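To keep things clear, I will list the structure first and then write my remarks on it.
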Ligand SMILES: Cc1cc2nc3c(=O)[nH]c(=O)nc-3n(C[C@H](O)[C@H](O)[C@H](O)COP(=O)(O)OP(=O)(O)OC[C@H]3O[C@@H](n4cnc5c(N)ncnc54)[C@H](O)[C@@H]3O)c2cc1C
Ligand code: FES
Ligand code: FES
C-alpha cells in the first residue's frame, strides 16, 4: 500500500517545484498506473512517502504542439491522446499504432507517456516507438528563481531497467521528436494475451521511400522487451537505407535482429518472433507508403 | 510511538474531497492515501463496483470519471476532486435496469456475477463511445475486464443485443423473458441475476455493520520453521488495536481438515509453508491492523524444507507431520487383472511421463468474511464458503462450543472453483468476534489470496500402456505422484478421484494405478474443478493420441474402439447399465466436422486437414487493428 503525508495537485510547473522543494523525498505522480501497483505486496510492499506531487494537471505538460518538423509532446499526455489527438494522428501515427496495443482502453486514459519513460521498464511499449521517432527528453529543474531545461536523446536517458538520468527534483516536461507524416509505420507486440499484457517482444518501424518510390529514403527500427533497454537496430537500418526494399533485402535485414536478444528468459522464442516481427513490420510500413512487398515464404520446420 | 515507516495509521492525514457521485454532490474528509475505489466503497458504501485485484488487471473497479471509464483502483482519490463520478450502483438513474443490464440478464451473462458490474461499465463506455460498435470493437472495449466463470460469449452476445436495441435495429421486446412451457432447453430467469447485473448483490467484502472492526493476518515468510518466540505486545499496545489472536487463543480442538485433521487455524509452533497464518490483528481500521501486523515480532528457527514430492518420499527427508512417515499423505491403489502379463501380450507398449503444474483458481472475488455475535451469543460467520455445513462442524470443535452456538452463512460466492472449500480464515474471524463482541471483517488482497489459498495439485504421471496392433488396449499402468503441499486439505479425495477416473472411460482388462499424495513445504494443494480427474485424464488422453500416432491410426477411432459400452464395469468394479460415451464422441466429432486420419499430416507431406477453419470456426484475432481503421475513418 502506498501512503503519504501530502498530496499536491500542481497546476503549474512552479507549484510542482515549490512542492518538491518544500518536501524532500517527494515523488512525482502522473497517471499513477505504475506507482500504485508498485507499492503492493510482491513488488515494493508498503511504501510511505512524504508527498506525492501530481503533475497530470499542468497544462504545459499535456500540451502537444509542432513546428519545423519537430513535435513537442507534453510528458503528461495520456496514451489515449495518442489515439485521438489530431496533430499526433497526422504526424505521429506510429504512436497511435503503439497505443492500440497498450494495456486497455481504461488504463490508456490514465497512463502517460512521461510515466512510461521514467518508469523505464524494458517492456515499456512507447519506448521503441519514440526511439524510432528520434525522441529527445526535455528535463526541467529550478535553480534560483528560474527554470532550467536540459535535453538529451531518449536512448541516453534510459540507462537500464527502471533506471534513467532523471535528476533529483527534476521533472520530465516534454518529449521532442521528429514529425513523420510521410512515413509508413508499424508497431508489433506479443504477450500472453491481447489486452493488459506486458510485451514479450515489441517492435516499432518507420519507413519512407524516395520520391521515385524505388529505394528507401529512411528506415528506422526499434525493439523492446528483448533486453535490458529498448534499442534501435542500427545495422539493419544501415543495410536497408538507400536500397530497394526487395523481399530478400528485407529478410536479410530482419535476420540481423536475431543476435539482439539479451533477455534472461525465453531467448529462442524471442529470437524467432523478433526476426518475424522485423520482417512483417517492414512490409506493413512499406504498404502504408503504397508499396506492396511480398514476404519470402517461410520454411515449415515442425515435425 | 513513531512508526518506523513514518505512517501514523491511527491518525492518517486526511483530505477533503468534493465530487458529484451518481448525480449527487458529496463532500467527505477521508485518509489522504485513499484511492477512488476506497472513497466509493468504504466511504460512500457504494459497493456495486468491486476490488478484484487492486492493480489495474481485472476491471471490477471500472468507473466513469467525467465520462471517461477508468480503473478506480489505480486513481488517487484527489483525482476526482471537483469532478463527476458514475458507478454501477446508479447507472440506471433509479429507473430499474439499463438496456445493457437487461441485455446481460436476458443473455444469461452473469454467473458468479463478480465481474459483471465492471463488464456492464465497460459495455456502457464502449457503446457510449461507439454506438454502432462492431464485434471487434466491443471485444476491444471489454479487453480490460476479466471474467472467470461466465466466459465471454454470453457477455459479447449481451453487448451486441443491447447495441441493436439502443440503435432501434432490434425491438426492445427482445429483452423480455421468453414465455415458455418448459424449463429444459430454454433460457429461464435466474433469481439472483438482476441483482448481479446492477451490482446490488452483496458479496462478503461488501458487507458492513455498525461498530465493525477489521482484521489483518501476519503470514510466514518461511516455508519451514519452528516458531521460537512470538511477541505480540507492541502490536497489542497500539491505539486502535482491539485484540491480537494467536493459536493460544483457540479454546477448542485446534486441529481440523476435510479428510485428515492436520491443520491449526493459525500456526501452532511450526510453519510449514510461505503464507501460513501466524497471528491475527483486529483493529478499528484495516490500516491500523496492517501497521500492527508489522509490529509483531517472531523469532524463527529455520528448518530445511522439502519442495519436491519425490524428494519428500526419500529416506532422511524433512518430515512435515509426525503421523505421516515418508511424508505420504495418501496412497490410493487400483489393481485389476495382471498388468505385467497384459503388457507382455501387447504388440505395442508406449511409455511416457506427463507433468501438470500447480494452478491458481484466480476467482475474481478474493476471500473475505464478516463475523459477529448474535444477541443470544451464537457466533455467526458470513463468508463465501463452498462447504458451510462442514465448516460449521469444524468451527464448533475449534471454538469448543455446541453446534447450535455456531452459525455459518454462505455469502454470494464470487467464483470458487473448489478454492473456497477450504477453511482458511473463518476460524480466526469467529474467534475475533467472540473476543471483541463486535462485528469483524476480513478481506484478502489479491496477493494474499494467491499466497495463502490452495492450488490445483501438480502431478507427475508415469504412464505405460500396452495395445494390440488393431488398437485394443490390453493393459494400463499409471503411477501418479502429486504434491499435496503442507496440509492435506482435499488431497486424499483428489488422489481417489484421480485414480478412479484416471484410466478413462475405456474397457481395459489389466489396470494398475498408484496415486500418491505427498506432503511438502509448498502451498497446500486442494480442490479445483475436476478434483484430480483433470490431471490423470490429461495424461490418458495425451497418451492415447501418442499411441494412435504410433499405430498410424485415427485418434478418434482408437477411442471409439476402446470406449466402455452398456453393461461395462468400471476399473473399480462398478457396473454401468447405460453408457453414452460412444454417442457423445460421435456427436462431438460431427459438430467438429472431424476429418478422420492421423493428425500432423502436413508434416508427413500429406494434404492438410479439412476440419480446421471453415464455417462456424472462430476467425483469428484482428483486434486493435480493426479499431484503428475506424479511428482513421472518423478523423
Ligand atoms: C494493468 C496494467 C497494464 C499495463 N500495460 C502496459 C502496457 O501494455 N505497456 C506499457 O508500456 N506499460 C503498461 N503498463 C504500465 C503503465 O501503465 C505505464 O508505464 C504508464 O505509461 C505509466 O504512466 P503513469 O502516468 O501512470 O505513471 P506513474 O505511475 O504516475 O509514474 C511512473 C513513474 O514515473 C514518474 N513520473 C511520472 N511522470 C513524471 C514526470 N513528468 N517527470 C518525472 N517523473 C515522472 C513517477 O514518479 C513514477 O516513478 C501497465 C500498467 C498496468 C497497471
Ligand atoms: S482493475 Fe481495479 S480492482 Fe482489478
Ligand atoms: S461471472 Fe465473471 S467472474 Fe464470475
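Rule-based calculations on the coordinates, nothing more; no lab input. Predicted model only: the values in this text are computed from it and were never measured. Cβ placement follows ideal geometry from the backbone for every residue including glycine, while neighbour counts extend to all protein chains displayed.
Seen from a random direction on average, the alpha-carbon convex hull of segment A:61-152 projects onto 6.4 square nanometres. Model label sites at residue B:180 and residue B:28, defined 7 Å from Cα along the beta-carbon direction, differ in position by 4.1 nm.
Relative to the current alpha-carbon distance between residue B:195 and residue B:68, full extension at 0.36 nm per residue lengthens the span by 43.3 nm.
Modelled label positions at residue A:14 and residue B:202, each set 7 Å beyond Cα in the direction of Cβ, lie 5.2 nm from each other. Remark on segment B:462-535: hydrodynamic radius 13.2 angstrom, per the Kirkwood mean of 1/r across alpha carbon pairs.
The fraction of Cα-Cα pairs per 10 angstrom bin, counted from 0 for segment A:166-303, comes to 11, 39, 32, 14, 3, 0 percent, rounded to whole percents. Take each residue of peptide B:140-152, count the partner chain Cβ atoms within 10 Å of its Cβ, and average: the result is 3. Could you tell me the distance between the Cα centroids of segment A:49-95 and segment B:334-354, to the nearest Å? One Cα centre to the other: 68 Å. Report, in whole Å, the centroid distance computed from the Cα atoms of segment B:273-288 and segment B:491-549. Measuring centre to centre over Cα atoms gives 37 Å. Radius of gyration (Cα atoms) of segment A:69-208, expressed as a multiple of 2.2 N^0.38 Å: 1.02.
In the protein assembly as shown, helical runs assigned H by DSSP with n ≥ 4 each contribute -39500 (n - 2.57); averaged across all residues and rounded to the nearest 500, the mean residue ellipticity at 222 nm is -8000 deg cm²/dmol.
Inter-chain Cβ neighbour count for A:33-43, averaged per residue, equals 5 (cutoff 10 Å, partner chain atoms only).
Taking 8 Å as the Cα distance limit and 6 or more residues as the minimum spacing, I'd like the relative contact order of chain B as a percentage.
Working: 1354 pairs, mean separation 79.2, N = 635.
Taking the mean separation of contacting Cα pairs over the length of chain B, I get 12 percent.
Sorting B:404-416, B:108-120 by average packing, meaning the other beta carbons within 10 Å per residue, from highest down gives B:108-120, B:404-416.
Working out 0.36 nm times the residue gap between residue B:612 and residue B:403, then minus their Cα-Cα distance, what length gain in nm do you get to one decimal?
Computed gain between residue B:612 and residue B:403 is 69.4 nm.
Global size of segment B:144-189: 13.2, 39 Å for Rg and Dmax (C-alpha atoms, Rg to one decimal, Dmax whole).
Dividing the convex hull volume of the alpha-carbon atoms in chain B by its residue count gives 208 Å³ per residue. Relative protection proxy for B:186-194, A:89-97, from highest mean packing down: A:89-97, B:186-194 (other beta-carbon atoms within 10 angstrom). Volume per residue of the convex hull around the Cα atoms, evaluated for segment B:1-116, comes out as 117 Å³. In terms of the mean number of neighbouring beta-carbon atoms within 10 Å, the peptides B:226-239, B:329-342 order highest first as B:329-342, B:226-239. Inter-part distance, segment B:377-440 to segment B:39-74, computed on C-alpha centroids, equals 28 Å. When the Gaussian network model of chain A links Cα atoms closer than 10 Å, the mean-square fluctuations of A:212, A:225, A:254 top out at A:212. Per-residue shielding of A:5-17, expressed as the average number of other chain Cβ atoms within 10 Å of the residue Cβ, stands at 2. Considering only chain B, what is the antiparallel percent among its DSSP beta bridges, to the nearest 5? Of all bridge pairs located within chain B, approximately 75 percent are antiparallel.
The alpha carbons of segment A:1-141 occupy a box of 43, 35, 23 Å along the principal axes, longest dimension given first.
Here the mean projected area of the convex hull built on the C-alpha positions of segment B:89-207 is 7.9 nm². Across A:217, A:44, A:248, mean-square fluctuation computed from a Gaussian network of chain A (C-alpha pairs under 10 Å connected) peaks at A:44. Comparing A:47, A:278, A:55 in a Gaussian network model of chain A (Cα springs below 10 Å), the most mobile by mean-square fluctuation is A:47. Take the Cα of residue A:212, step 7 Å toward its Cβ, do the same at residue A:148, and the gap between the two points is 5.1 nm.
Counting only the Cα atoms, chain A fills a convex hull of 135 Å³ per residue.
Rounded to a whole number of µm²/s, how large is the Stokes-Einstein D of the protein assembly as shown at 37 °C and 0.692 mPa s, given Rh as the Kirkwood radius over C-alpha pairs? Estimated diffusion coefficient is 105 µm²/s.
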